[in-house]
């Protein structure tokens, strides 16, 4: 039986925390995407110009990305008129396993990691 070194244990813990933060961020994006779609159903197919328009009916506060330590989604939200679409992403480079401004969720493709 081989015993792991402290460095190996710390590295494993760090990677597990990164993975957990990414999973939570992706869950936030899916939930925000669902709320934006619900807003559109209630507003004749129109998406909100900003996530803050959906407060307080759809949520009390924009969720926080655990890796960013704050709201990284409001800056990453955009609406397009023709075609009617939206995108939400975790603005910045908070997830080292992904490129900057990912993960993202858009109305056409759903959740994306790259």
Next item on the list: Would you list the strands (runs of 3 or more DSSP E) that sit entirely within region 43-114 and hold 1 or more residues that are in contact (Cβ under 8 Å) with a residue 24 or more places away in the chain and on the phi > 0 side of the Ramachandran plot?
Entry: 110-112
Check: In region 64-114, how many residues are more than 16 Å from residue 37 (Cβ to Cβ) and touching a helix residue (DSSP H, G or I) at 6+ places or on another chain (Cβ under 7 Å)?
Finding: 9
Check: Restricting attention to region 23-37, does a residue exist that is surrounded by fewer than 17 Cβ atoms within 10 Å (Cβ to Cβ), touching a strand residue (DSSP E or B) at 6+ places or on another chain (Cβ under 7 Å) and touching a residue at least 60 places away in the same chain (Cβ under 8 Å)?
Finding: yes
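Every read-out reported here was derived from the displayed coordinates using simple, explicitly stated rules and does not represent laboratory data. Note that the coordinates shown come from a computational prediction; the quantities given were computed from them, not determined experimentally. For neighbour counting, all protein chains shown are included, and Cβ atoms are generated from backbone atoms with ideal geometry for every residue, glycine included.
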